[in-house]
């Protein structure tokens, strides 16, 4: 496989990874904000869902009481924003860096809860899912490598000029000499 | 009363829904009868407690393990184990202030559900004492005593001492009568699901087993696990410790719907 073909495959993989990461964040935001049970979509029902998410955040026993609600109310909208940002592809190096840091943070918090023997709801994709080997494997061995891969890919392709751009630049450089 | 709570919380099957109008009329008639007989109830309470004092364990009513009014808009069921430290923290730091505030104000009906874990040596027996106390109307005192003194009785298994200190001698005599034949260890939730029965079963055990089965249906993975029902709509279960200010915020959000 020549350099150009490799570059093309890399860009396709980056696109697929970026879209997958965007979908994960969008779904995570939706699952946290969707009205519980059969409640209709409204500002009040979304607020209730976020208040329910706050119960999950509090059960991690990591934040002081005053910080629980701000984190619980800001995190899902931020995930929504991050999902849309990744989807747009604008400033991918920065969006992928933020995504990797966020996923890394989630994994760290879950490992800490698991180590402390807390059998609590993960809160990753709404209520009901327990922190345990399954969620740790999923987030740590699937989502985190994906986020890291997208970040590395974004930095590599962002720094290197594309093959076609390079081929036009070199003669120009030669002609200047 | 506990049986009524089960009925309202469980999802109803279709044939039951079809019978609902008749059931509603029957309930309304019962309520009307209850209102008509209310003045006589106080005088009957003393007679009833006298009957309890002499009743056999099997003749006692089902345990009353609810705090507050069953008609409150929010029902919170807590599956807990008296020997679990996080259940104690939840009770001491969250449920106590909640009982004094939102339960007293009629906003929340708190229901205790037993989920004694197999790994805890005395949790099944502690659940028996709490249920025995609940059968004679002394659940609140017993639950408080069990959690307040958890560190002591979990070391030596002497639960009886703290139950006796939490109530009058007469009440404790009634609780002891309800505990007839209940020798340790009590029943627990089986490690692989189901109920692990006591090698020496007694009349209280079916009430504990009923709670365990309800928990397994959820399913309860750990204690404490809580389920909140708002105006008949059951929300997804949560587990672990949650502080009172955060829980209160959630209740306020529900009540503002």
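The values are calculated or read from the model by the stated rules, or taken from the named source; none is laboratory data. This one's a predicted model, so the numbers in the text were calculated from it and none came from an experiment. Backbone-built Cβ (ideal geometry, glycine too); neighbour counts: all protein chains shown.
If you go through the range A:118-153 and keep only what is under 15 Å from the mean Cα position of the chain (by Cα) and closer than 20 Å to residue B:234 by Cα, you end up with A:123, A:125.
Does residue B:242 meet the test of being within 13 Å of chain A (Cβ to nearest Cβ), outside any strand (DSSP E or B) and touching a residue at least 40 places away in the same chain (Cβ under 8 Å)? Here the answer is yes, as residue B:242 does meet what is asked.
Is there a residue being within 14 Å of chain A (Cβ to nearest Cβ), within 17 Å of residue B:111 (Cα to Cα) and crowded, with 18+ Cβ neighbours inside 10 Å anywhere in the range B:184-205? No, every residue in the range B:184-205 fails to be within 14 Å of chain A (Cβ to nearest Cβ), within 17 Å of residue B:111 (Cα to Cα) and crowded, with 18+ Cβ neighbours inside 10 Å.
Residues in the range A:33-49 that are more than 8 Å from chain B (Cβ to nearest Cβ) and in contact with a helix residue (DSSP H, G or I) (Cβ under 7 Å, 6 or more places away or on another chain) were compared, and the one that is surrounded by the fewest Cβ atoms within 10 Å (Cβ to Cβ) is A:34.
Residues in the range A:5-43 that are touching a strand residue (DSSP E or B) at 6+ places or on another chain (Cβ under 7 Å) and part of a helix (DSSP H, G or I): A:28, A:31, A:32. What tally of residues in the range A:83-118 results from selecting those that are in contact with a helix residue (DSSP H, G or I) (Cβ under 9 Å, 6 or more places away or on another chain) and not in a helix (DSSP H, G or I)? Here the count works out to 3.
Summed over the range B:230-239, residues that are within 9 Å of chain A (Cβ to nearest Cβ) and surrounded by fewer than 19 Cβ atoms within 10 Å (Cβ to Cβ) total 3. Note on the range B:167-183: among residues that are in contact with a helix residue (DSSP H, G or I) (Cβ under 8 Å, 6 or more places away or on another chain) and exposed (fewer than 13 other Cβ atoms within 10 Å of the Cβ), the one that is modelled with the highest pLDDT is B:170.
Looking at B:220, B:227, just one residue is surrounded by 17 or more Cβ atoms within 10 Å (Cβ to Cβ) and in a loop (DSSP other than H, G, I, E, B), and that residue is B:220. For residue B:149, the test of being out of contact with any strand residue (DSSP E or B) (no Cβ under 7 Å at 6 or more places or on another chain) and at pLDDT 95 or above is passed. Residues of the range A:131-144 that are within 14 Å of another protein chain (Cβ to nearest Cβ) and surrounded by fewer than 17 Cβ atoms within 10 Å (Cβ to Cβ): A:132, A:133, A:134.
For the range A:145-156, check the following and say yes or no: at least one residue is within 14 Å of another protein chain (Cβ to nearest Cβ) and either outside any strand (DSSP E or B) or under 28 Å from residue A:14 (Cα atoms) (or both). For the range A:145-156, residues within 14 Å of another protein chain (Cβ to nearest Cβ) and either outside any strand (DSSP E or B) or under 28 Å from residue A:14 (Cα atoms) (or both): absent. Residues that are surrounded by fewer than 21 Cβ atoms within 10 Å (Cβ to Cβ), under 11 Å from the mean Cα position of the chain (by Cα), away from chain B (no Cβ under 14 Å) and without any contact (Cβ under 8 Å) to a residue 60 or more places away in the chain do occur in the range A:59-80. Checked against (1) surrounded by fewer than 19 Cβ atoms within 10 Å (Cβ to Cβ); (2) more than 16 Å from residue B:75 (Cα to Cα); (3) within 14 Å of chain A (Cβ to nearest Cβ), residue B:164 meets all criteria but (3).
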